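Readers should treat all values here as calculations from the given coordinates under stated rules, not as data from a laboratory. In this text the structure is predicted, and so the values were computed from the model without any measurement. Positions of Cβ are backbone-derived with ideal geometry, glycine not excepted, and every protein chain shown enters the neighbour counts.
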Amino acid sequence: MNPVRRLLVSLLGGGVLCFAFPTFDVWVAAPVALALWAWAWTGAGAGRGFALGTTGGLVFFVPTLSWSGIYVGALPWLALATLQALFIGVAGALYGWLSRRGSVRPLAFGLVWVVAEGLRARVPYGGFPWLKLAFSQADSPFGRLVAVGGAPFVGFVLALTGALLALAAQPAFAAFLARRGSGPASDTLPRMPSRRLLLPVAGALLLGVAGLAVPLPTDGPTAQFLGVQGNVPRPGLEFNAERRAVLDNHVTATRKAQEDVDAGRAPAPDLVVWPENASDIDPLRNADAKDLILQTVEAIRRPLIVGGLLEEPAGFVSNVALLFEPGKGNTDRYVKRHPVPFAEYIPNRSFWRTFSSEVDLVTRDFVQGPSPGVFEVTAASGQQIRAGLAICFEVAYDDIMRDAVRTGANVLVVQTNNATFGYTAESPQQLATSRLRAMEFGRSVVHVSTVGQSALITPDGTAHQVTSLFTQAVVRGPLPLRDATTLATRVGEAPEWVAAAALLTMLALGLRGGRPTVPETTKEEDDDDAP
């Protein structure tokens, strides 16, 4: 394949991958996109593979992360998209070098993908695992595999499937090039045995349906949950200019929901959840805000989790979830463990100030929480609710969600604020991530946003009562409480480390093998690839 064709196929792969994620939700686009990338990168070598991967990654990340620049301009959005695309470039470089002999290598492609996503989730500044391949698969058989090995395993199987499809298509494409005079002469082109076409196709189909064998149980004792989406005065960066109005909205919506309980139209909740930023007036230092929350707790007579900001420690801010209980007040807190760099804190502030003084718009950095958060309350039935906490983007971090489950959570609570992203795909992307987490850990998820989308999610990944954006609404109903741990919970990061070790072994063997010779039957095609 000549360089222009490689580039066009890689760009097409990035475009196709966009359709796998919300709001398109065409999950089959993911293996098709990876097949195109495997096809384009095979035999490219390291340098050309990096360029192909980066350009293909840009076609994917620029549109899917467009929400990040809706109110702050194009520069942060394009910088974030470019940084993420560079990791796809690394994948292209590694795989392009490993496949330099010109044949598709499905196992190598799958391992490279896992390692590249693992790096993207960790560096720089703690990484940005948003839009992991697995997060597009909540409605697919591939997605069910998350209960076996987590998001990295789903990514590996999808990449392996895509590469198998590319392997099956390789001879057909070679024949096409021959007919157009771009490859070996058609009368000398060897005929591909049918089994070499059927075996990779059969392997891809088998991987595509393997997830159907993975059980996603939803049994267990239930508790009643109420999630409150209070809404904000306006979307955008100034969503909380009227902080008291946001708090009042959540108080009003909660008391309206309680009216249905008092009238017998709805069951009483065992736990009520407000979203992130529901009270950005520090409720532990502002008597007015605290009184409103305590009055609400006494009115509903049930525990309430409040998302808020605390003016502490001195000179810093804490993004927190606070547990309030009737007659007890504030009894527990969780501090966000992964503040967002360049949004909630400025890393290496003096260095980045040399590029832009706007870093000082973040006047006080958010602190990092010390430990996982699990709030324990007792349901009316006597069941113990152990709610594992995650705030906003934390839902995308494997370790944060897994730590909550390993600490004892039998239900997960995701509090978020999507007001700063307007009417974009960010909120549906986040809800899709919560759905996959429910499947991964076998836990129900109470996903509550200030402005939507909010939902109650059962452990099979089904989202119930999904709300509309920028409306006041509640989600309420029973969810199962489960203590059984999935295999993914038990193995943790092991699949990523195994993939990294296997890839390093492949690279070492490749270095030891030296520069490959080009078979005579592919010499003309390789010459066509030369720059």
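Near L412, the amide H atoms lying under 5 Å from its own belong to G388, S444, V445, V446; only residues 5 or more places off or on other chains count, and H is placed 1.01 Å from N. Taking the 0 to 90 degree range and rounding to the nearest ten, how far is the long axis of helix 74-98 tilted relative to the main principal axis of the chain, both from C-alpha atoms? With rounding to tens, the tilt is 40 degrees. Cα extents for the stretch 26-103 along the principal axes, largest to smallest and rounded to whole angstrom: 47, 29, 11.
Counting Lys and Arg as +1 and Asp and Glu as -1 over every other residue whose Cβ lies under 10 Å from the Cβ of E493, the net charge comes to -2.
For the chain, take the longest principal axis of its alpha carbons; what is the angle in degrees between that and the long axis of helix 29-41, to the nearest 10 within 0 to 90? With rounding to tens, the tilt is 40 degrees. Counting only DSSP beta bridges whose two residues both lie in the chain, roughly 65 percent are antiparallel. Cβ crowding within 10 Å, taken as a proxy for footprinting-reagent exposure, orders E440, E242, E394, E298 from fewest neighbours to most as E298, E242, E394, E440. With respect to the chain, whose longest principal axis is taken over its alpha-carbon atoms, helix 146-179 is tilted by about 30°. For the stretch 425-470, averaging the sequence separation of C-alpha pairs within contact (under 8 Å, six or more residues apart) and dividing by the residue count gives a relative contact order of 32 percent. Per q in 0.25, 0.30 Å⁻¹, report the Debye log10 I(q)/I(0) for the stretch 369-429, using one uniform scatterer on each alpha carbon and no solvent. Result of the Debye calculation: -0.98, -1.20. Taking other C-beta atoms within 10 Å as the exposure proxy, F142, F342, F393 rank F342, F393, F142 from fewest upward.
Note on the chain: Lys pairs 8 or more places apart or on different chains, Cα atoms under 24 Å apart, count 6. Separation between the T462 and S371 pseudo-spin-labels, each 7 Å from Cα along Cα→Cβ, expressed in nm? Between T462 and S371, the label points sit 3.7 nm apart. Only Cα pairs under 8 Å and 6+ residues apart enter the sum, and on that basis the relative contact order of the chain stands at 17 percent.
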